[in-house]
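The values are calculated or read from the model by the stated rules, or taken from the named source; none is laboratory data. Worth saying up front: this structure is predicted, and the values here are computed from it rather than measured. All Cβ positions, even for glycine, are placed from backbone atoms using ideal geometry, and neighbour counts span all protein chains on display. Surface accessibility is based on the protein's heavy atoms, side chains included, excluding ligands, DNA and RNA. Shrake-Rupley method; radii C 1.70, N 1.55, O 1.52, S 1.80 Å.
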Amino acid sequence: MERGTLSAMVDLPKLKFASPKEKGVMVWLAEPQIFAAAMAAPEKAADLPSEALAFAATTRFEAKAGRLLWFVGADGAPGAVYFVDTGAAADPFQPAALAGLLPSGVYRFATPPGKADLASLAFLLGSHRFARYKSEREAPRLIAPPGVGVKEIESIANSVAFARDLIDTPANDLGPDELEAAIQAVADRFGAKISVIRGEKLARDFPLIHAVGKGSPRAPRLVDLRWKPKRARQLTLVGKGVCFDSGGLDIKPESAMGLMKKDMGGAAAAIAAAAMIMAADVDVALRLIVPIVENSVSGEAFRPGDVYSSRKGLSVEIGNTDAEGRLILADALALASEEKPELLVDFATLTGAARVALGPDLPPFFTDDEALAADIARHGAAVNDPVWRLPLWQAYDSKLDGKVGQITNAPAGGMAGAITAALFLRRFVDRSAESKTSWVHFDIYGWTPAAKPGRPEGGEAQVARLIFSLAQERFGAANLR
């Protein structure tokens, strides 16, 4: 790969199921207690072949969740694989652990998982690896179980994998130019159109985005994608695109800067959700807005104590240059609100406070819309894309009051940081009765720190699958099978 080239950064993954015409090694799934009981009494095991159970008993196989047992036939060829599953109720992604345990080859489930769609999706996601800088082994391939929506699952898996690759790419190879090119590649694939605002027009119309990005030689910009704009109902996605966050003049310590290539994880998740929506032809006018910057240290960088205007007209006092994500989102949300979309969603790797509160795997979300909150929780559980609601606590809103400007981006004290960040963003959303816009903010981590079934260590498009599922239900979609 030639480093630094745009084409290398926007390759779309091609995760696919194996053809059902292939034979495939059979994979038997059983929960620990079922497997243990079958080993103790093979004659009573209806689903697991007795000779395999006898082999398991002879070898004193321990039926612990996540363990795998090979059964080899008389000819020496793999006859079947036995995997101790936790069951869909515990973790519908558990069968995806097979993607990291099995050698290359073709496999099929002999006993369909409890949630076959999620298990099959997780197998594809678990087989994906970031391989732009070193080769990876050939991944095992799965024949989709009967009744599984193959095209839709492949579309979801490839959208997530694309977002993961963007997050995993280091900042020297993925800056504002490359992130813009990635959005253009997705737009080209689905016949969408993008416009890009930079330079003097950005400084005039989006002063906060310009202020954050002007310290870098890699120019800031705002990318605006539109797809099927004449459809009656509008969904707008906004993603935080900070390609690297040094913290600016309030520079981060080394321990906090190491993963800052992932600070465009909100943009990656929004791109993934948009790709899923377009692939499924959801009946909605889709808009994707991505403010893109690099937060650098230079003589041009914005400073603590500076005061800037915003697109909405509010003057913003800079309390900390490391609270830059909410600044670029503020201008983007103000733009999005001007069209009064039916649903407005923003995705951002915004605060460490969210991680302290809920950890890396459970992003908080914030909304004033009770019906939307209930729908988000339901869809997150249904598609195994978990989230947890935190309050837009009105009593904390006064913490945002600036001493010089109307509003500060970094309230003193540091407590309730995820909530005050969400309240800051809410100031830039049109909440008037005429707008009727439902807004939700997701404070995602965008990263899997330790590998889990279906989620390799590295970048993660948190919440993208949830929003796709919600959009399908709210707006209707063609049936991708």
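For this structure, a couple of remarks:
- Checked against (1) under 20 Å from the mean Cα position of the chain (by Cα); (2) open to solvent by 50 Å² or more (accessible area, probe 1.4 Å), Glu338 passes all but condition (1).
- A single entry from Arg287, Arg226 fulfils the requirement of being within 20 Å of Ser155 (Cα to Cα), within 20 Å of the chain's Cα centre (by Cα) and of a type outside the set (S, T, N, Q): Arg287.
- Annotation for the stretch 170-183: at least one member residue is assigned to a loop (DSSP other than H, G, I, E, B), in contact with a Gly (Cβ under 8 Å, 6 or more places away or on another chain) and open to solvent by 10 Å² or more (accessible area, probe 1.4 Å).
- Qualifying residue in the stretch 145-164 (condition: surrounded by fewer than 22 Cβ atoms within 10 Å (Cβ to Cβ), among the β-branched types (Val, Ile, Thr) and closer than 29 Å to Val316 by Cα): no
- So Met260, is it among the hydrophobic types (A, V, I, L, M, F, W, C) and surrounded by fewer than 20 Cβ atoms within 10 Å (Cβ to Cβ): yes
- The number of residues in the stretch 279-312 that are open to solvent by 10 Å² or more (accessible area, probe 1.4 Å) and of a type outside the set (D, E, K, R) comes to 10.
- Of residues in the stretch 313-335 being of a type in the set (Asp, Glu) and open to solvent by less than 40 Å² (accessible area, probe 1.4 Å), the one farthest from Leu249 (Cα to Cα): Asp331
- Taking first residues from the stretch 89-116 that are open to solvent by 30 Å² or more (accessible area, probe 1.4 Å) and partners that are outside any strand (DSSP E or B) and among the basic types (Lys, Arg), the Cβ contacts under 7 Å between residues at least 6 apart in sequence or on separate chains come to Ser104/Arg137.
- Single match in Lys403, Lys399, Lys436 (criterion: closer than 22 Å to Leu470 by Cα and open to solvent by 20 Å² or more (accessible area, probe 1.4 Å)): Lys436
- Whenever a residue of the stretch 382-409 is over 15 Å from Ala354 (Cα atoms), its partners that are of a type in the set (Gly, Ala, Ser), lying with C-beta atoms within less than 6 angstrom and at least six residues away or across chains, give the pairs Val383/Ser469; Tyr396/Ala416; Gly405/Ser315; Gln406/Ser315; Thr408/Gly319; Thr408/Gly402; Asn409/Gly319; Asn409/Ala323.
- Residues located in the stretch 237-253, provided they are more than 11 Å from Phe347 (Cα to Cα) and in a strand (DSSP E or B): Val242, Cys243, Phe244, Asp245
- Meets criteria (in contact (Cβ under 8 Å) with a residue 24 or more places away in the chain, exposed (fewer than 15 other Cβ atoms within 10 Å of the Cβ), of a type outside the set (Gly, Ala, Ser) and on the phi < 0 side of the Ramachandran plot) for Pro229: yes
- Residue pairs whose Cβ atoms lie under 8 Å apart, separated by 6 or more positions or on different chains, with the first residue in the stretch 352-366 and under 8 Å from Asp443 (Cα atoms) and the second of a type in the set (Asp, Glu), are Ala354/Asp443; Pro363/Asp443; Pro364/Asp443; Phe365/Asp443.
Table: residues versus (1) of a type in the set (Gly, Ala, Ser); (2) crowded, with 20+ Cβ neighbours inside 10 Å; (3) part of a strand (DSSP E or B).
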| site | (1), (2), (3) |
| --- | --- |
| Asp368 | no, no, no |
| Asp375 | no, no, no |
| Pro386 | no, no, no |
| Ala395 | yes, no, no |
| Phe442 | no, yes, yes |
| Ile467 | no, yes, no |
| Gln472 | no, yes, no |
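- Qualifying residue in the stretch 447-465 (condition: aliphatic (A, V, I, L, M), out of contact with any His (no Cβ under 8 Å at 6 or more places or on another chain), farther than 26 Å from Leu98 by Cβ and open to solvent by less than 30 Å² (accessible area, probe 1.4 Å)): no
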